[in-house]
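Input: a single structure, listed below in structure tokens.
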Amino acid sequence: MPGLRKIHREARTHLEIVTLKEEIIQQSKATSGFIELDGLVWYQGQLVIPATSQYNTHMIREYHDTPIGGHLGVLQTHKRVAANFFWRGMKRDIQNYIRQCDVCQRNKYETMSPAGLLQPLPILELVWEDVSMDFIDGLPNSHGFTVIMVVVDRLTKYAHFLSLKHPYTAKVVAEIYVKEISRLHGMPRSIVMDRDKVFTNQFWTEYFRLQGSELRMSSAYQSLALVKSNGVTGCIGLSFGITLPIRLRHD
């Protein structure tokens, strides 16, 4: 990203900003929220730069393409840029930039499905009383680990990401859950998960029955509410799965 001195120099001398300063002096309604300080114009704490600035694309690239940017979506990228800068049409420029981002186009895909029947879940009262679980498979090998086990509290959406080696068994998954989740949050009242051979294993079902938990399978024969609940875990896992390979590219 260009140095702040260059950005400040343009923000002081560009015709668009000079005109804006004159409107501020005249107290035009169009400049409500804008103030001038030391030759620079600010809008709600953000430095105002020209909409046609030569540096706008560089700033979007800095907040979107770099490892700290992580190639996040329009809303998150806009939030990052808007924390420091403002220009007219900024969100539109960010949308256009991300729409043309080669990395985003190759690593992301549309996840929206047709809307179905709404069946709200019961209102939860305690954290980590009801959880949902899922697996992210097929990740690059890291010291033998190729699977991420995602465990999400349905109330707070707080998530744990636990590494596993493939193939994993019901016994291994249960042991990791007790070691990494139960010791921090206790045993849940219920667990919602996608139908998987690991979870249908009799040992897994019996294990949680003895612990006083109710294993609930989100299959086609269960309520849509359960499927929707575990969709939260899927969304969190999807975001993690998209961001991870992008960050690894920078490493």
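The values are calculated or read from the model by the stated rules, or taken from the named source; none is laboratory data. Fair warning: this is a prediction, and the values are worked out from it, not measured in the lab. For neighbour counting, all protein chains shown are included, and Cβ atoms are generated from backbone atoms with ideal geometry for every residue, glycine included.
Checking Met112 against (1) at pLDDT 85 or above; (2) outside any helix (DSSP H, G or I); (3) loosely packed, with under 15 Cβ neighbours inside 10 Å: exactly one of these is not met. Which one?
(1)
When you check Val103 against the structure, is it crowded, with 19+ Cβ neighbours inside 10 Å, part of a helix (DSSP H, G or I), out of contact with any Leu (no Cβ under 9 Å at 6 or more places or on another chain) and not charged (D, E, K, R), yes or no? Write out each step before concluding.
Working: crowded, with 19+ Cβ neighbours inside 10 Å: no; part of a helix (DSSP H, G or I): yes; out of contact with any Leu (no Cβ under 9 Å at 6 or more places or on another chain): yes; not charged (D, E, K, R): yes.
Judged against the criteria, Val103 is not a match.
Taking the range 30-73 only, how many residues are touching a Ser or Thr at 6+ places or on another chain (Cβ under 6 Å) and in contact (Cβ under 8 Å) with a residue 40 or more places away in the chain?
Residues that pass the stated criteria total 1.
For the range 169-226, which helices (runs of 4 or more DSSP H) that fit wholly inside it have 1 or more residues that are modelled with pLDDT of 70 or more? So that I can check it myself, show each step before the final result.
Details: elements: 170-177, 197-200, 202-210.
Result: 170-177, 202-210.
In the range 76-100, how many residues are outside any helix (DSSP H, G or I) and closer than 27 Å to Ile24 by Cα? Please lay out each step first, then the result.
Of the residues in the range 76-100, the ones outside any helix (DSSP H, G or I) are 83-89, 100.
After this cut, where a residue has to be closer than 27 Å to Ile24 by Cα as well, the list is 83-89.
Final tally of qualifying residues: 7.
Can you name the helices (runs of 4 or more DSSP H) wholly within the range 1-75 that have at least 3 residues being in contact with a strand residue (DSSP E or B) (Cβ under 8 Å, 6 or more places away or on another chain) and in the same structural domain as Ile98 (by TED's automatic domain parsing)? Lay out the reasoning, then the answer.
Numbers: elements: 4-13, 15-25, 56-64.
Helices (runs of 4 or more DSSP H) meeting the threshold: 4-13, 15-25.
List every residue pair whose Cβ atoms lie under 6 Å apart, where the two residues are 6 or more positions apart in sequence or sit on different chains, the first residue falls within the range 1-28 and is closer than 16 Å to Trp87 by Cα, and the second residue, located anywhere, is small (Gly, Ala, Ser) and in a helix (DSSP H, G or I).
Within 6 Å, the pairs are Ile17/Ala11.
Let's see how each residue does on (1) in contact (Cβ under 8 Å) with a residue 60 or more places away in the chain; (2) of a type outside the set (D, E, K, R); (3) not assigned by TED's automatic domain parsing to the domain that holds Gln211:
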| position | (1), (2), (3) |
| --- | --- |
| Asp134 | yes, no, no |
| Asp137 | no, no, no |
| Ser142 | no, yes, no |
| Thr146 | no, yes, no |
| Val152 | yes, yes, no |
| His166 | no, yes, no |
| Ala170 | no, yes, no |
| Tyr177 | no, yes, no |
| Glu180 | no, no, no |
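List pairs: first residue in the range 82-94 and outside the structural domain of Leu40 (by TED's automatic domain parsing), second residue among the β-branched types (Val, Ile, Thr) anywhere in the structure, Cβ distance under 9 angstrom, at least six positions apart or on different chains.
Going by the 9 Å Cβ cut-off, there are no qualifying pairs.
Just the residues that are touching a Pro at 6+ places or on another chain (Cβ under 9 Å) and on the phi > 0 side of the Ramachandran plot, please, taken from the range 40-63.
None; the set is empty.
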